[in-house]
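**Q** Have a look at this one.
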Amino acid sequence: MSQDSPGPTVAFNRITKCFDAAVAVEDVSVEIAGGSFVALVGASGSGKSTLLKTVNRLVAPSSGSVTIGGEDVTLAEPYALRRRIGYVFQNVGLFPHMDVGENIAIGLRIAGAKATGDRVAELLALVDLPGEFARRLPDALSGGQRQRVGVARALAPAPGLMLMDEPFGALDPVTRDQLGTSIRALHDRLGLTTIMVTHDMAEALLLADRVLVMERGRVVADASPRDLIAGKGGAAADALVAVPREQSRRLRALES
């Protein structure tokens with residue numbers, strides 16, 4: 001299961017989003033290259049999730065446009081657009097009355113697919129879950145296993161673009177680290193374009209090729225993890241990088 005070409009380029013062109021008098025995103029213009037893994041980071045309320053959701057039209061911008069592969073997202077009906085985009089979020093949203101296989105295959109069935117068993121088995125293997133999990137109900141799974149099922153469901157229609165909104169936020173640290181590593185490996189293997197929202201700067205630095213730091217609705221830093229660690233991202237980025245850096249310092253002090 002792989003793609004012959006990288007995922008599509010995503011471009012935000014002067015995106016602004018207001019909720020009544022509150023400005024959530026303000027005049028953001030950014031292009032994300034096809035095949036790249038980009039993290040959107042920032043404090044709560046910085047606008048990162050709102051910006052992400054303009055891609056699959058869960059949020060309509062007040063002004064500006066979003067394009068995927070050069071095509072404005074408003075040219076497709078929302079349901080057709082979302083079939084081409086994988087979407088993983090913190091509260092996985094599995095249907096409790098459906099088994100894992102049915103949850104993974106639901107998008108395929110809505111699109112008219114009949115025999116989905118082989119595809120479900122392939123996807124379970126892809127996210128490192130045993131094939132027999134297809135017959136289990138979501139309540140029988142751990143939080144990390146449920147999130148892997150959510151990833152499998154997002155990958156079912158073979159999208160070139162994956163959106164992830166705080167996908168690991170509800171997980172324990174060990175599971176979070178393992179799943180993050182798996183997601184990055186899937187990104188590379190499948191040639192996806194991945195945009196991930198996270199408030200965890202260490203996670204962004206370790207997983208992404210490029211990090212966009214948001215503050216008060218604006219992108220205030222756009223740099224590689226290496227440049228951010230070197231202090232080239234500005235004050236807001238430096239404040240976020242300082243947290244894992246200080247934690248690392250304190251751990252080294254404990255070791256010595």
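The values are calculated or read from the model by the stated rules, or taken from the named source; none is laboratory data. Small disclaimer: the values here were computed from a predicted structure and weren't measured. Glycine also receives a Cβ, built like all others from the backbone with ideal geometry; neighbour counts cover every protein chain displayed. Please note that ligands, DNA and RNA were not included when accessible areas were found on the heavy atoms of the full protein model with its side chains. Shrake-Rupley method; radii C 1.70, N 1.55, O 1.52, S 1.80 Å.
**Q** What shape does segment 140-256 have by the C-alpha gyration tensor, where a ≥ b ≥ c are the square roots of the eigenvalues, rounded means a/c under 1.5, and otherwise prolate means a/b greater than b/c and oblate the rest?
**A** Details: a/c = 2.18, a/b = 1.36, b/c = 1.60.
It comes out oblate by the Cα gyration axes.
**Q** How much length is gained on full extension from ALA111 to SER65, taking 0.36 nm per residue of separation minus their Cα-Cα distance?
**A** Here the answer is 13.9 nm.
**Q** Using only the alpha carbon atoms of segment 28-124, find the Kirkwood hydrodynamic radius as the inverse mean reciprocal pair distance, in angstroms to one decimal. Intermediate values should be presented prior to the final figure.
**A** On the way: mean 1/r = 0.0628 Å⁻¹.
Averaging 1/r across every pair of different Cα atoms and inverting gives 15.9 Å.
**Q** Using a probe of 1.4 angstrom, how much of the accessible area of segment 97-241 is carbon and sulfur, in percent?
**A** It is 52 percent, rounded to a whole number.
**Q** Which of rounded, prolate or oblate describes segment 33-72 when judged by the alpha-carbon gyration tensor and an a/c cut-off of 1.5?
**A** oblate
**Q** Now, a different point. Suppose the chain between VAL30 and ALA239 were pulled fully straight at 0.36 nm per residue; how much longer would it get relative to their current alpha carbon spacing?
**A** 73.0 nm
**Q** Would you list, by chain and number, the lysines whose Cα falls below 22 Å from the Cα of LYS232, excluding same-chain residues fewer than 8 positions away?
**A** Leaving aside lysines fewer than 8 places away in the same chain, those within reach of LYS232 are LYS48.
**Q** Assuming 0.36 nm per residue, please report the length gained on full extension of the stretch ALA121 to ASP72 beyond their Cα-Cα distance.
**A** 14.2 nm
**Q** So what is the relative contact order of the chain, in percent, for Cα pairs below 8 Å that sit 6 or more residues apart? The partial results should precede the final answer.
**A** On the way: 477 pairs, mean separation 67.3, N = 256.
Relative contact order of the chain: 26 percent.
**Q** If I take R0 = 22 Å and measure r between the Cβ atoms of GLU246 and ASP177 in this structure, what FRET efficiency does the formula 1/(1 + (r/R0)^6) give, to the nearest 0.05?
**A** So the FRET efficiency works out to roughly 0.70.
**Q** Based only on Cα atoms, what Rg/Rh ratio does segment 83-130 have, Rh being taken as Kirkwood's radius?
**A** 0.94
**Q** Over every pair of different alpha-carbon atoms in the chain, take the mean of 1/r and invert it; report that Kirkwood radius in Å.
**A** Working: mean 1/r = 0.0526 Å⁻¹.
After inverting the pairwise mean of 1/r, the radius is 19.0 Å.
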